[in-house]
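Peer 1: Got a structure here, written out as C-alpha cells. Questions coming.
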Amino acid sequence: MSVALRRLEFPALLEILAHHILSEPGRERLARLVPFSDIEDAEIELRRVESMQKLIESGVRLDFSAIPDVGRKVAKLGTGAGLTSHEILSLAQFIAATDEIYDKIVGTELEALMPDPSFLRPFVKEIFRKIDEDGELRDDASEKLAKLRQEKRRRRQEVINLLNSLMDKYYRQGLLRERIVTMRGGRFVLPFASHVKPRGVVHGFSHTEETIYVEPFESIEAQNRYVRIVDEEREEAERILRELAERMHQFAPTVKALWDSIGELELVYAKAEFASAFGCITPKLNRSGRIVLKEARHPLLIETKGFENVVPLDLKLGPKPSVLLISGPNAGGKTVALKTVGLLTLMAMAGIPVPAKSADLFFPDRVFAIGFEDVQDIEHGESSFTALLHEVKDVLDYSDGRALVLLDEFLASTDPSEGAALAFAILKNLRDLGHIVLANTHLTPLKILVEREDGMINARVLFDPLTKRPTYRLQVGEMGSSYALEIAKQVGLPDDVLSEAESVLVGMERELRELTKRLKKREAELVRKLAEIAQKERELERREAKLTREAKLKARQIIESAREEAEGLVRELRKELRRKRKLEEQIAVAKAVRDQLKEKSLEFTDLYRKKAEILEIGKSYRVKPFGFIGELVELRGGNAVLKVGKQRIEVPKDSLYEI
C-alpha cells in the first residue's frame, strides 16, 4: 500500500493537512496517518470529523497552539526519572491546556476521544501556586521555605556588609586589585593582588595569575552560617519538588493518554478545517465495489489552481461493470481522473472528507497504483515494461480480498498488438478476480476488445474540435481518440509532415478494418475448432469409459486365473504332503522289519549279499538299508522308482540288491 500512497500523492495531501496542525502531538499523529483497514473505523472517524465541523460552525474554536511541546517530558515521566521544576511546570501547563479543550467538547461525540482531565485541576493549581511562570519555586511554596529564604537573605546581607567593610580597609592599604565582592566555589571572596600574602582562605586565581581570590578570616564564621542556611533551603526545595514529581509520576498514564488523545483530536480538527477550506463532503463507503462521484475535484489541483479552476469529475462504476478503460488525447486528464479516484478513495479510507458534491466510494482491502511513474529497476537490469509486469503479477497473485486497481498508460511501452492482447487478458483476469479496475490507454485494439466484453466499459476524456483543446471532462460509454494530428497542427508541425501522417493513418485504418475482418473470421474458425475439440473430448471420454470397463473385465479374468492356479498349487502341495506321510510310514515299516530280524538273531548283512549290477524293469529288488522289497518300474538318472504295494518310492540305484 505504501507504493500506492506515494504514487497517488497521499504524502502531499498530508502536507496540506499539516497547515492546520499547530501542536507537537498533532504533528506526531499526522505523521502516522494512513488509511484504516476496517470500514467501520473509517466511518467512525468520518462521523467525528462531521461532529467537529458542526462544532466549528457553531463558533467553537479549539486552541491547540496553547499545547506546550512536552513530548520528551511526557516520555521521561513514563520512565519514573526525576523531574526539574521547569519540567513539572510544563507538564502542568499541558494538563491545563488539555482541560480547557476538553471542556469545549463535552457532550459531543468527540468527548470519547479524550480522558477527562478535570480531576487533575487541584494538583495543577497547586503546582501553579508553588512554581512561578519562570519555573522557579515561589518563596511561599512551603512555610519552612519562606522562613529559610528570609533567613538566607538576612545572612547573605550580613556577609556582604562585613566584606564591604573589609574591602574598604584592604583597598586603602593597596592590597586589592579592585573594589569588588565576588564568589568562588560558593564562597564570597575579595580580589587580592598576587604579590600579597593572603590573610584568609584562597579560592582561586585569575587567568593571568595577577589576582588571587581570598575569603578573609574575619568572614569565615558569617559565611559558614550563610552556607548552612543555603543548604537547608536547597534541601527544602528538593523536598517540595520531589513530592510534586512523585505525584506527577502517579498520573503518568493519564498524562500519556492526554498526550495521545490531544494529537488524535487535533487531527480530527485539522480534517474538519481542511474540509471547510476545500469544499469537502462526508462520503458514503461501501464494500460492494460501487464508485459514484459527482463534481469531484483533486485536492492538490484545488491547492495550486483554486477551486473554480479545477474541472470536476463525474463518474459511475461498479459493481458491474467493474472495469473502466479511459482513452483520449494526451494531457487530456486521463491520469488526473485515475489519481482523483485513487486519492479520494485513500482519503475516505483515512477518515478525511473528499472534495465533491456527492461521493459513494468503494472501500477496498488494498489499493494498487501501477504505471504512474518510471518503474524501471536499474539495480536488477529490468526494463520499465518488465518491472511493470512484475507489479501486475503481484496484483494477479493478490488473494486477500478485493482491490482497487489503477493502471496508468497500461502496457503502452511495447508492441501495440501484443500489448493490447496482453492488457485485455490482464483486465479480464482482474475482473474475474472481483477487483475494481480503472485504466487508461492509447491502444485502439484494446478499446475495441473492451467494447465487446461484458463487465467492461470504455470512457473518454473530451476534446473540443473548435478550440483543438481537451476539456478534461469524462464521458463514460464512449471510446476516445488521441487527437495526435490535431495537437500536432496546433503545435505547428510542417504541413508535409502532417499530410504524410494523414495518408499513413488512412492506410492504417484500412488495414485495421481488414485486420478486424480477419480477426472475426479467425474467431469463427476458433469457435468451430473449439466445438470440434469439445466433440473429440466427448468421444475420448466415451472411449476412456469403454477401455475402463474392458480393463476391469480383463483384471477380473486375470484374478480368476490366478485364483485357479493357486488352488491347483494347493492341491499338488496336499498330494506331496500325502506322499511324504506314506514314505514316512514305509520307513517305519522297514525299521520294524529290521528290528524283527535282529530279534530273530539273523545276520543283517545276509539280506544284502549281492548288489544289483544290471537293473531290469519289472524285477524286484531289496533296498538298503531299509530292507523292504519293491518292483522296479522306472529309472530316473541315478535313481530308481520302485513300486511297493500301491506306493511308488524313488531311491538311489546303488541301494538296490538282488533278492
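Listed here are the residues, each with its yes/no results for (1) assigned to a loop (DSSP other than H, G, I, E, B); (2) polar (S, T, N, Q); (3) in the same structural domain as Lys271 (by TED's automatic domain parsing).
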site	(1), (2), (3)
Leu14	no, no, yes
Leu30	no, no, yes
Ser37	yes, yes, yes
Leu46	no, no, yes
Ile56	no, no, yes
Asp69	yes, no, yes
Gly78	no, no, yes
Ile88	no, no, yes
Leu91	no, no, yes
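Conditions (1) closer than 22 Å to Ala403 by Cβ; (2) in contact (Cβ under 8 Å) with a residue 12 or more places away in the chain; (3) surrounded by fewer than 21 Cβ atoms within 10 Å (Cβ to Cβ), marked per residue:
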site: Ile39; (1), (2), (3): yes, yes, yes
site: Glu45; (1), (2), (3): yes, yes, yes
site: Ala66; (1), (2), (3): no, yes, yes
site: Gly71; (1), (2), (3): no, yes, yes
site: Ile88; (1), (2), (3): no, yes, no
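Peer 1: Need a quick list: strands (runs of 3 or more DSSP E) entirely within region 608-657 having at least 1 residues that are touching a Ser or Thr at 6+ places or on another chain (Cβ under 6 Å) and either outside the structural domain of Glu576 (by TED's automatic domain parsing) or on the phi > 0 side of the Ramachandran plot (or both). So that I can check it myself, show each step before the final result.
Peer 2: Working: elements: 620-623, 629-636, 639-644, 647-652.
Result: 620-623, 629-636.
Peer 1: For region 290-334, give me each residue that is at positive phi, touching a residue at least 24 places away in the same chain (Cβ under 8 Å) and not hydrophobic (A, V, I, L, M, F, W, C).
Peer 2: In the first step, residues of region 290-334 are kept if they are at positive phi; the result is 295, 306, 318, 328, 331, 333.
Subset that is touching a residue at least 24 places away in the same chain (Cβ under 8 Å): 295, 318, 328, 331, 333.
Correct list: Glu295, Gly318, Gly328, Gly333.
Peer 1: Go through region 50-64 and give me each residue that's in contact with a helix residue (DSSP H, G or I) (Cβ under 7 Å, 6 or more places away or on another chain) and either farther than 13 Å from Val106 by Cβ or at pLDDT below 90 (or both).
Peer 2: Met52, Gln53, Ile56, Phe64
Peer 1: Look through Glu111, Glu100 and report the one residue that is assigned to a helix (DSSP H, G or I), under 60 Å from the mean Cα position of the chain (by Cα), under 30 Å from Leu22 (Cβ atoms) and without any contact (Cβ under 8 Å) to a residue 12 or more places away in the chain. Spell out the reasoning first.
Peer 2: Details: Glu100 fails: without any contact (Cβ under 8 Å) to a residue 12 or more places away in the chain.
Only one candidate passes the filter, namely Glu111.
Peer 1: Same structure again: When you go through Ile457, Ile426 one by one, which is the residue that is modelled with pLDDT of 85 or more, assigned to a helix (DSSP H, G or I) and either within 24 Å of the chain's Cα centre (by Cα) or of a type in the set (A, V, I, L, M) (or both)? Full working, then the answer.
Peer 2: Details: Ile457 fails: assigned to a helix (DSSP H, G or I).
The unique qualifying residue is Ile426.
Peer 1: Using the structure shown, decide if Glu243 is among the acidic types (Asp, Glu) and under 26 Å from Leu30 (Cβ atoms).
Peer 2: Values: among the acidic types (Asp, Glu): yes; under 26 Å from Leu30 (Cβ atoms): no.
Here the answer is no, as Glu243 does not meet what is asked.
Peer 1: Only strands (runs of 3 or more DSSP E) wholly contained in region 269-371 count here; list those with 3 or more residues that are out of contact with any Ser or Thr (no Cβ under 8 Å at 6 or more places or on another chain) and hydrophobic (A, V, I, L, M, F, W, C). If you could, list the steps in order and put the result at the bottom.
Peer 2: Numbers: elements: 284-286, 291-296, 313-317, 323-327, 358-362, 366-370.
Per the criteria, 366-370.
Peer 1: Across region 621-642, what is the total count of residues that are of a type outside the set (A, V, I, L, M), modelled with pLDDT of 90 or more and farther than 19 Å from Lys610 by Cα?
Peer 2: So the answer is 1.
Peer 1: Inspect all residues belonging to region 194-201 and state whether any of them is outside the structural domain of Ala96 (by TED's automatic domain parsing), more than 60 Å from the chain's Cα centre (by Cα) and modelled with pLDDT of 90 or more.
Peer 2: Step one: filter region 194-201 for residues outside the structural domain of Ala96 (by TED's automatic domain parsing), giving 194-201.
Keeping just the survivors that are more than 60 Å from the chain's Cα centre (by Cα) gives 194-201.
Pick out the ones that are also modelled with pLDDT of 90 or more and you get 201.
Looking for residues that are outside the structural domain of Ala96 (by TED's automatic domain parsing), more than 60 Å from the chain's Cα centre (by Cα) and modelled with pLDDT of 90 or more, one finds at least one in region 194-201, hence yes.
Peer 1: Of all the residues that make up region 617-628, how many are exposed (fewer than 15 other Cβ atoms within 10 Å of the Cβ) and within 12 Å of Tyr657 (Cα to Cα)?
Peer 2: To start, the set of residues in region 617-628 that are exposed (fewer than 15 other Cβ atoms within 10 Å of the Cβ) comprises 617-619, 625.
Pick out the ones that are also within 12 Å of Tyr657 (Cα to Cα) and you get 619, 625.
Of the residues in region 617-628, 2 are exposed (fewer than 15 other Cβ atoms within 10 Å of the Cβ) and within 12 Å of Tyr657 (Cα to Cα).
Peer 1: Hey, does region 126-148 have a residue that's under 28 Å from Tyr213 (Cα atoms) and in contact with an Asp or Glu (Cβ under 7 Å, 6 or more places away or on another chain)?
Peer 2: No, the conditions are met nowhere in region 126-148.
The values are calculated or read from the model by the stated rules, or taken from the named source; none is laboratory data. The structure presented is a predicted model; accordingly, all values stated were derived computationally and were not measured. Positions of Cβ are generated from backbone atoms using ideal geometry, with glycine treated the same way; all protein chains shown enter the neighbour counts.
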